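To start, the structure itself, in structure tokens.
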Amino acid sequence: MTILFKARTSDSPYVDTVMRGWTVADGPAIRPAETHWYMVIVRHSGGVQALVVGPWSAAGVTSYLKDAELLWVRFPLGTFMPHLPVRRILNLETTLPNGAWRTFWLDGISWQYPDYDNVETFVDRLVREDVLVHDPVISSALDDRPQDISPRTLRDHFLRATGLSQNHIRQAIRAERAAGLLAQGVPILDVTYTLGYFDQPHLTRAMKRFVGMTPAQQLALASQST
């Protein structure tokens with residue numbers, strides 16, 4: 001399966017990244033673990049469907065139909081929908097019901113499908129209707145700023161707003177960074193010690209869990225693209 005896509009950042013504090021893609025072939029592909037959740041709009045064969053996707057606690061395999069157009073809206077860590085806490089969509093794809101006239105239903109409200117250029121307008125309305133909120137505790141904790149709350153309360157914040165523990169998120173981010181360095185051709189041992197893994201087997205276990213491939217496989221993939 002092959003996807004051609006383009007991505008952009010956003011000025012909205014409630015949007016991390018907006019991506020638009022097109023599938024040019026059928027078939028499976030490795031899906032890395034994902035600490036963020038997404039809203040995905042799929043257009044295929046004249047139809048359109050909205051989904052709420054992820055996060056994914058471990059790497060896996062996914063597939064798409066050929067000739068589909070996809071819009072991904074990636075939300076920042078700590079941004080969530082109170083009526084649908086992220087822990088309830090962990091490792092799931094939830095299809096949202098279609099409405100009339102090319103609309104879909106979310107939290108009892110009918111919404112027009114957004115496109116690549118007007119995502120921020122759509123998200124602004126989500127915020128105004130209190131469908132989308134942000135928990136500042138999450139970003140503060142991940143930035144290692146002191147929290148005047150108990151460890152148990154902090155854990156509850158993370159589970160509600162991200163679906164994952166703080167430690168799990170840090171592990172996934174570190175494995176993603178390792179994959180990025182290996183993709184640049186950095187030697188495995190250098191990556192191991194730069195990112196604080198105990199040894200190469202520790203790095204290998206982490207990458208297989210969160211990235212879906214070993215360090216050697218990542219290096220081989222990088223060499224094929226150069």
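Annotations for the structure displayed:
- Per residue, the accessible area of the chain comes to 53 Å² when a 1.4 Å probe rolls over the protein heavy atoms.
- Computed lengthening from residue 183 to residue 24, 0.36 nm per intervening residue step minus Cα-Cα distance: 54.9 nm
- Result for the chain in a Gaussian network model with C-alpha springs under 10 Å: among 109, 138, 169, the largest mean-square fluctuation is at 109.
- Estimated from helices alone, the mean residue ellipticity of the chain at 222 nm is -10000 deg cm²/dmol (sum of -39500 (n - 2.57) over DSSP H runs with n ≥ 4, per residue).
- Among 77, 182, 164, the largest mean-square fluctuation in a Gaussian network model of the chain, built with springs joining Cα atoms closer than 10 Å, belongs to 182.
- When the solvent-accessible area of the chain is split by element, carbon and sulfur atoms take up 53 percent of it, the probe being 1.4 Å.
- Here the 3J(HN,Hα) profile of the stretch 26-38, calculated from phi with Karplus coefficients 6.51, -1.76 and 1.60 at θ = phi - 60°, is 6, x, x, 8, 5, 10, x, 4, 9, 7, 9, 10, 10 Hz, Gly and Pro shown as x.
- Relative contact order computed over the chain (Cα-Cα under 8 Å; 6+ residues apart), in percent: 19 percent
- Think of each Lys and Arg Cβ as +1 and each Asp and Glu Cβ as -1; about the Cα centre, that makes the dipole of the chain roughly 520 debye.
- FRET efficiency, residue 49 to residue 216 (Cβ-Cβ, R0 35 Å, nearest 0.05): 0.35
- Protein-only accessible surface order, largest first, of 66, 208 at 1.4 Å: 208, 66
- Which of 224, 214, 123, positive extreme of dipole for the stretch 98-226 (C-beta unit charges): 214
The values are calculated or read from the model by the stated rules, or taken from the named source; none is laboratory data. No experiment lies behind these values; they were computed from the predicted model shown. Note that each Cβ is placed from the backbone with ideal geometry, even for glycine, and that neighbours are counted across all protein chains shown. Please note that ligands, DNA and RNA were not included when accessible areas were found on the heavy atoms of the full protein model with its side chains. Shrake-Rupley method; radii C 1.70, N 1.55, O 1.52, S 1.80 Å.
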